[in-house]
Each structure stands twice: as structure tokens, then as C-alpha cells.
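Okay, so here's the structure we're looking at.
The values are calculated or read from the model by the stated rules, or taken from the named source; none is laboratory data. Quick caveat: nothing in here was measured; it's all calculated off a predicted structure. Cβ: placed from backbone, ideal geometry, glycine included. Neighbour counts: every protein chain shown.
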Amino acid sequence: MNASPLATQHVFGLDFVSDATVDTVALHLELDMARRERPWRCVVTPNVDHLVRYRRNPVEWEVARHAFVVLPDGMPIVWASRLVGRPLRSRLTGTDLFTTMWPTLAERSIPTVVVSPDDAVAAGLARGHHELTCIVAPMFQVDDSVVVAQLVDAIVEAVDRRSARFVFIGISATKACILASQLRTRWSEPGATGPIVLLLGAAPEFFLGHAPRAPRWMQRAGLEWLHRLAHEPVRLARRYLVDDVRFLGLVWREWRRSR
């Protein structure tokens with residue numbers, strides 16, 4: 001069975017999945033993975049912060065623009081899509097996608113590679129998944145080309161050794177995009193085959209309960225950012241209260257274009 005294309009809407013310069021559930025997306029990825037020819041495929045889950053940062057970071061923007069699947073991981077994006085006349089059905093989060101996919105991957109022992117933020121996450125994911133390779137990412141700066149090259153080599157080697165079908169990158173969005181950009185170069189060459197690469201940030205940590213997730217009512221109300229801000233005010237205050245206000249300008253320009 002071939003994977004049917006997911007319906008999309010072009011909003012904020014990206015083709016967001018517009019009419020699907022997380023279960024539908026998970027099935028789509030599973031079916032697509034069975035294809036014999038496997039060019040570069042990446043899954044991204046932008047939220048408001050990502051959309052703002054894309055305008056300042058060409059590498060992140062290029063990864064998102066060439067993504068195979070783009071999920072709207074933020075209620076403000078869904079609301080804005082309706083405002084500009086290109087509605088997205090619902091928010092689709094990376095954490096929900098990971099939570100849906102992981103038990104199946106573990107139960108079926110589907111070869112998988114995870115780039116983990118620490119040893120605790122790696123150990124938690126390894127329990128019950130016998131075809132998993134976890135690569136614990138060291139602390140590094142985004143411009144440290146040596147460490148980036150070493151990580152990319154480690155991912156490619158693990159994928160080749162395991163014949164891995166999925167790679168989950170569970171570190172910060174900027175660092176994940178740098179790795180994805182390098183992997184795209186490796187796996188976009190003629191005749192190259194590779195796994196589906198999913199940039200899901202802290203999804204593994206939420207799945208394991210290592211980080212607290214906002215209650216469902218806060219997620220539905222678009223207030224998950226407030227929950228995270230309350231838990232990490234020093235790290236997130238400027239991002240959420242200063243930088244991300246620029247999203248209003250993005251919405252205004254999108255609305256003008258839609259007119």
C-alpha cells in the first residue's frame with residue numbers, strides 16, 4: 001500500500017498539513033517508509049518561536065522549506081491560518097506524534113536511531129526497543145563544525161549499521177536543523193537512500209516524563225508557552241515575551257498577501 005499525499009495549506013511560506021490527525025500522519029510515515037526509493041525526507045513541527053526564528057536563520061528556514069511533512073505545532077498558527085483564509089484543521093504536535101509512533105516502533109523492533117540530549121533519555125528509550133541506537137549529543141555551539149561533523153558521521157554510521165528507518169533528533173531546534181541540513185546533503189545525492197528524519201525537540205523527554213507538559217486545557221487554549229515559561233523563566237522569558245511578539249508582524253503580512 002502506498003502512502004496517499006497529506007492535504008496541505010501554504011501558510012507562512014510552508015506547506016502545513018491541513019486536514020489530518022496525528023494517527024493519520026503516523027500511518028503516512030509508516031507507509032512511506034516502505035517505499036523502495038527513499039530520497040531525503042524530514043519532518044518538522046514549527047511553532048510560533050520557530051516561525052519567528054526562520055526569518056533570521058537561513059539554515060533552519062531551508063530545512064523547513066524542504067521538509068517532507070510540516071506539522072503546525074502551535075495553536076496561534078492554527079488561529080492565524082483561519083484568519084488569513086487558509087485554515088488548518090488542528091494543532092499537530094511533535095510530542096503527540098512521538099507518543100503515537102514510539103510504542104509501535106518498539107513493539108515491532110523497527111530499526112531506529114535517536115539523537116538524545118542526555119544519558120537518562122537514552123536509557124529510558126532503550127527499555128523495550130531492541131533495535132534502537134541512541135547517540136547522546138554533547139554540549140556544543142552551533143558554529144562548532146568539528147562536533148557537528150562528528151555527530152553527522154555518527155548518525156550516518158548508525159543508520160547504515162542498523163539499516164535504520166527512522167532518525168529522531170531530540171535536541172534544540174537550531175542544533176537539530178544544523179544536523180538535518182548536513183544529513184540532507186548526505187542523503188540527497190543521486191541513488192542515495194536514507195531514513196525519515198524527525199526533528200521533534202523535547203518530545204522524547206515529555207514522552208518519558210522527564211519534563212512536565214502543560215495540561216490539555218492549556219494546550220487547547222494556546223497557553224503551553226506560559227506553562228513552559230513558568231518552569232524555565234530565565235531561559236525562556238526573552239524568547240516568549242520579546243522575540244516571539246514578532247509573530248504578529250508575520251500574521252499581518254500574511255493577511256495582507258491573502259487580500
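For Ala122, indicate whether it is of a type in the set (A, V, I, L, M), surrounded by fewer than 21 Cβ atoms within 10 Å (Cβ to Cβ) and at pLDDT 95 or above.
On the way: of a type in the set (A, V, I, L, M): yes; surrounded by fewer than 21 Cβ atoms within 10 Å (Cβ to Cβ): yes; at pLDDT 95 or above: yes.
For Ala122, the condition - of a type in the set (A, V, I, L, M), surrounded by fewer than 21 Cβ atoms within 10 Å (Cβ to Cβ) and at pLDDT 95 or above - is met.
Residues being acidic (Asp, Glu), surrounded by fewer than 22 Cβ atoms within 10 Å (Cβ to Cβ) and in contact with a Ser or Thr (Cβ under 8 Å, 6 or more places away or on another chain): count how many of those fall in segment 69-119. Give the steps one after another, and end with the answer.
Filtering segment 69-119 for residues acidic (Asp, Glu) gives 73, 96, 107, 118-119.
From the residues that got through so far, the ones that are surrounded by fewer than 22 Cβ atoms within 10 Å (Cβ to Cβ) too are 107, 118-119.
From what is left, the residues that are in contact with a Ser or Thr (Cβ under 8 Å, 6 or more places away or on another chain) are none.
Count: 0.
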Pairs with Cβ under 6 Å, 6+ apart, first in segment 152-177 and without any contact (Cβ under 8 Å) to a residue 24 or more places away in the chain, second assigned to a strand (DSSP E or B): Ala154/Ile135
Scan of segment 40-76 for residues that are over 15 Å from the mean Cα position of the chain (by Cα) and either among the β-branched types (Val, Ile, Thr) or closer than 17 Å to Val25 by Cα (or both), ordered by number: Val52
Matching residues in segment 214-231 - criterion: being touching an Asp or Glu at 6+ places or on another chain (Cβ under 8 Å) and surrounded by fewer than 18 Cβ atoms within 10 Å (Cβ to Cβ): Met218
Residue count for segment 202-238, restricted to those that are over 24 Å from Asp119 (Cβ atoms), in contact (Cβ under 8 Å) with a residue 40 or more places away in the chain and not in a helix (DSSP H, G or I): 2
Residues satisfying the stated conditions in segment 133-165, i.e. among the hydrophobic types (A, V, I, L, M, F, W, C), more than 15 Å from Ser181 (Cβ to Cβ), more than 19 Å from the chain's Cα centre (by Cα) and not in a loop (DSSP other than H, G, I, E, B): Val146, Ala154, Ala158
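Residue-by-condition table, conditions (1) in contact (Cβ under 8 Å) with a residue 24 or more places away in the chain; (2) in contact with a Cys (Cβ under 8 Å, 6 or more places away or on another chain); (3) among the polar types (S, T, N, Q):
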site	(1), (2), (3)
Thr24	no, no, yes
Glu60	yes, yes, no
Pro76	yes, no, no
Arg82	no, no, no
Residue that is surrounded by the fewest Cβ atoms within 10 Å (Cβ to Cβ) [pool: residues in segment 184-201 that are assigned to a helix (DSSP H, G or I) and without any contact (Cβ under 8 Å) to a residue 40 or more places away in the chain]: Thr185
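Kindly indicate whether any position in segment 28-41 is within 21 Å of Ala80 (Cβ to Cβ), outside any strand (DSSP E or B) and in contact with a helix residue (DSSP H, G or I) (Cβ under 6 Å, 6 or more places away or on another chain). Show your work before the answer.
Residues of segment 28-41 that are within 21 Å of Ala80 (Cβ to Cβ), as a first pass: none.
No, there is no match, as no residue in segment 28-41 is within 21 Å of Ala80 (Cβ to Cβ), outside any strand (DSSP E or B) and in contact with a helix residue (DSSP H, G or I) (Cβ under 6 Å, 6 or more places away or on another chain).
How many residues are closer than 19 Å to Val78 by Cβ and either at pLDDT 80 or above or in contact with a strand residue (DSSP E or B) (Cβ under 6 Å, 6 or more places away or on another chain) (or both) if we restrict to segment 227-257? Steps first, answer last, please.
Here is the first cut: in segment 227-257, the residues closer than 19 Å to Val78 by Cβ are 227-228, 240, 244-255, 257.
With the extra rule that they be either at pLDDT 80 or above or in contact with a strand residue (DSSP E or B) (Cβ under 6 Å, 6 or more places away or on another chain) (or both), the set shrinks to 228, 244-255, 257.
Residues in segment 227-257 being closer than 19 Å to Val78 by Cβ and either at pLDDT 80 or above or in contact with a strand residue (DSSP E or B) (Cβ under 6 Å, 6 or more places away or on another chain) (or both): 14 in total.
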Residues that are in contact with a helix residue (DSSP H, G or I) (Cβ under 9 Å, 6 or more places away or on another chain), assigned to a loop (DSSP other than H, G, I, E, B) and farther than 23 Å from Gln9 by Cβ, drawn from segment 88-110: Ile110
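Regarding Val69, is this residue out of contact with any Lys or Arg (no Cβ under 7 Å at 6 or more places or on another chain), modelled with pLDDT of 95 or more and within 28 Å of Ile155 (Cβ to Cβ)?
Numbers: out of contact with any Lys or Arg (no Cβ under 7 Å at 6 or more places or on another chain): yes; modelled with pLDDT of 95 or more: yes; within 28 Å of Ile155 (Cβ to Cβ): yes.
Here the answer is yes, as Val69 does meet what is asked.
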Ala122 closer than 17 Å to Ala176 by Cβ, free of Cβ contacts under 8 Å to residues at least 40 places away in the same chain, of a type outside the set (Ser, Thr, Tyr) and assigned to a helix (DSSP H, G or I): yes
